[in-house]
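Taken together, the values in this text are just the output of simple stated rules run on the coordinates, not laboratory data. The structure presented is a predicted model; accordingly, all values stated were derived computationally and were not measured. So basically every Cβ, Gly included, is an ideal-geometry build from the backbone, and we count neighbours across all protein chains shown.
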Amino acid sequence: MNVLLTLLLAVQILTALGMIGLILLQHGKGADMGAAFGSGSSGSLFGASGSANFLSRSTAALATVFFVSTLALAYFGGSRPVSSGGSVLERTAAPAPAAAASAAAPVNQIPGLGAPLPVPVAPAPAVGASGAALIPTK
């Protein structure tokens with residue numbers, strides 16, 4: 001099964017590269033208008049209309065192979081055996097007991113002392129109605 005997936009992936013990569021090359025070789029629609037007025041592009045390797053037919057048919061064939069290999073990769077890649085039933089959240093590991101014990105301890109406790117330190121409470125700053133009191137002065 002692993003060899004089949006590797007072979008399908010290689011076929012998909014090669015067809016993608018082939019499509020890129022063929023698409024870059026094709027002329028745009030504006031190139032035909034230039035050939036009608038004598039710009040010289042009609043003397044190409046495949047002739048005036050032969051290149052469009054050959055390159056477009058080759059691109060269509062490679063696109064078909066690409067889509068078939070993509071569907072095959074999606075089919076075979078999605079058929080992995082499930083390790084256990086249930087959702088992904090049910091398969092997560094439970095937290096370690098040491099982590100749960102440290103989470104229950106007070107945050108501001110100094111190691112070695114038995115009692116937690118008192119948490120200082122800062123008084124709320126007096127804010128003016130316009131917020132101008134928040135602008136720092138020199």
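Here is how the numbers come out for the structure above:
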{"read-out": "L25 paired with V3, simple spin-label distance in nm, labels 7 Å along Cα-to-beta-carbon", "value": "3.3"}
{"read-out": "Difference of contour (0.36 nm per residue) and Cα-Cα distance, A16 to S56", "value": "12.9 nm"}
{"read-out": "Spin-label zone in segment 7-21 - amide nitrogen under 14 Å from a point set 7 Å from the Cα of A63 along the C-beta vector", "value": "16, 19-21"}
